[in-house]
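Let me begin by presenting the structure, written as structure tokens, before commenting on it.
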Amino acid sequence: MSASISSLIKHPLVFRGRDHRHTADGNEVRLPFGQANLDKACAGGVPAAGAMSIRALAGQGELQLLNNVLLQKAGTQKRIIWLPNRLHLNPNWLSQTPYQQQSWVINTTNEADALWACEQAIRSQACCCVVMYLAQIEPKAARRLQVLARQYDCLVVLVHPGNRIPGALPVNIDMELSCDARQWFVHLHRVSGAWPQQHIAIEHPLPASNSAIVNAFRQFSNRAATAIHEVS
């Protein structure tokens, strides 16, 4: 019976959410986000190897949320691969990051090519992290990336729009970024080593509302000679 179970759990389609790489003292290697509430809910952060999913619109601040994690992965001196998949990755933002020299942006024309490029990057063992934007991904494909990333000690970040099909993916962490009129939140749909949680308040570089813009217009709207840009 034990041999049969051992053979079963080694099957690539079986997801083992609590089976991760550990440090010498037996603790799981996790990379903190630098957000106290989120790190506590994630049992210390995201596992250093494997896949994670972020449901967010492009430009919603998902990269800033990942920044601390990417900095830690960049310490390996391996490549960080970006697969924007027809989206425009802001080169100005990337050029300001400490890991821009390690970053390679690979443009693909469709999601099948992006998935293929992601797998090749993982297998190369030259990459510490792959960040890929996809409109949709099937659970089977996500599980495949999870297994490969764990095998080759790579972190794969899958970024999806907020309207992705419901249901948690078989990855280490499946989270969603959202906001109301005052505050930004993260919803954890799946997290290995801990329980899913909703409405985890986080600090965010983007304002949750446009009140600052509205107040600025109100302040300067009655001035006779007011211009945002002045040229001569």
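No value in this document is a laboratory result; all are computed from the given coordinates. What you are looking at is a predicted structure, and each value in this text was computed from that prediction instead of being measured. FYI the Cβ positions are ideal-geometry reconstructions off the backbone, even for glycines, and counts take in every protein chain you see.
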Practice prompt. Report, ordered by the first and then the second residue, all pairs with beta carbons closer than 8 Å, sequence separation of six or more or different chains, a first member in segment 33-61 that is farther than 18 Å from P84 by Cβ and in contact (Cβ under 8 Å) with a residue 12 or more places away in the chain, and a second member that is among the aliphatic types (A, V, I, L, M) and surrounded by fewer than 16 Cβ atoms within 10 Å (Cβ to Cβ).
Written response: N37/A201; A41/A194; C42/A194; A43/A194; P47/V29; A48/V29; A49/V29
Worksheet item: Just checking, how many residues over segment 117-138 are assigned to a helix (DSSP H, G or I) and within 27 Å of G59 (Cα to Cα)?
Response: 6
Discussion item. Touching a helix residue (DSSP H, G or I) at 6+ places or on another chain (Cβ under 7 Å) and not in a loop (DSSP other than H, G, I, E, B): is that true of A141 in this structure?
Written reply: yes
Practice prompt. Hey, can you tell me all the residues within segment 97-130 that are more than 18 Å from the chain's Cα centre (by Cα), under 24 Å from L71 (Cβ atoms) and either touching a residue at least 24 places away in the same chain (Cβ under 8 Å) or surrounded by 13 or more Cβ atoms within 10 Å (Cβ to Cβ) (or both)?
Written response: S124, Q125, A126
Worksheet item: Pairs under 9 Å by beta carbon, first residue farther than 18 Å from V130 by Cβ in segment 73-96, partner part of a loop (DSSP other than H, G, I, E, B) and aliphatic (A, V, I, L, M), six or more apart or different chains?
Response: H88/A58
